[in-house]
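The values are calculated or read from the model by the stated rules, or taken from the named source; none is laboratory data. In this text the structure is predicted, and so the values were computed from the model without any measurement. We place every Cβ from the backbone using ideal geometry, glycine too, and count neighbours over all the protein chains shown. Surface areas here come from the heavy atoms of the whole protein model, side chains and all, with no ligands, DNA or RNA. Shrake-Rupley method; radii C 1.70, N 1.55, O 1.52, S 1.80 Å.
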Amino acid sequence: MALLAVLVLVSPAQAEVSDKMLIVDHRVDPWIWPAALCIAALALEIKWPRFGLATLPFSALLAFGIYSEFNDPYVGPAILHELGEAYVRNSWIAIGFALLFPVALTFSLNIRRRRMGA
């Protein structure tokens, strides 16, 4: 009888997604890995010309992970509901920055090196 009562009274449980995400502060965390990739690109580009582009594959993998996470039919809406649009928007901005920064850095430093050498 007790088992029947438990089965009848149990309501569907909803797991929180945000406690499984790597988040310490919603305003900062989407920027941690892309910022680290930009710093690595800068350090590589200063030490070895054109090696800043070596961070692009990692940025692309990060972009794919974010894309697949937000477009998952179960996780994506849960993230949007729990963490809000700002988290999603900041994540996309951070990924765009991680993809564009190494290219812009390499291009601008290459032009600067040519001007200094000529």
Review point. Looking at the range 88-118, which of its residues are open to solvent by 30 Å² or more (accessible area, probe 1.4 Å) and hydroxyl-bearing (S, T, Y)?
Key: S108
Point to revise | Residues being open to solvent by 80 Å² or more (accessible area, probe 1.4 Å) and touching a residue at least 12 places away in the same chain (Cβ under 8 Å) - total across the range 47-70 | key: 2
Check your understanding: Given (1) in a loop (DSSP other than H, G, I, E, B); (2) out of contact with any Asp or Glu (no Cβ under 8 Å at 6 or more places or on another chain); (3) modelled with pLDDT under 90, where does P73 come up short, assuming only one miss?
Key -> (3)
Review point. In the range 92-118, what count of residues is obtained for those that are closer than 15 Å to L61 by Cα and of a type in the set (G, A, S)?
Key: 3
Practice item. Assess whether P73 counts as being surrounded by fewer than 17 Cβ atoms within 10 Å (Cβ to Cβ) and in contact (Cβ under 8 Å) with a residue 60 or more places away in the chain. Key: no
Exercise for review: Go through the range 76-87 residue by residue and tally those that are part of a helix (DSSP H, G or I), open to solvent by less than 30 Å² (accessible area, probe 1.4 Å) and not hydroxyl-bearing (S, T, Y).
Suggested key: 4
Check your understanding: In this structure, is P49 closer than 27 Å to L105 by Cβ and not in a helix (DSSP H, G or I)?
Key -> yes
Exercise for review: Answer with yes or no whether P34 is in contact (Cβ under 8 Å) with a residue 24 or more places away in the chain, exposed (fewer than 13 other Cβ atoms within 10 Å of the Cβ) and closer than 17 Å to P102 by Cβ.
Suggested key: no
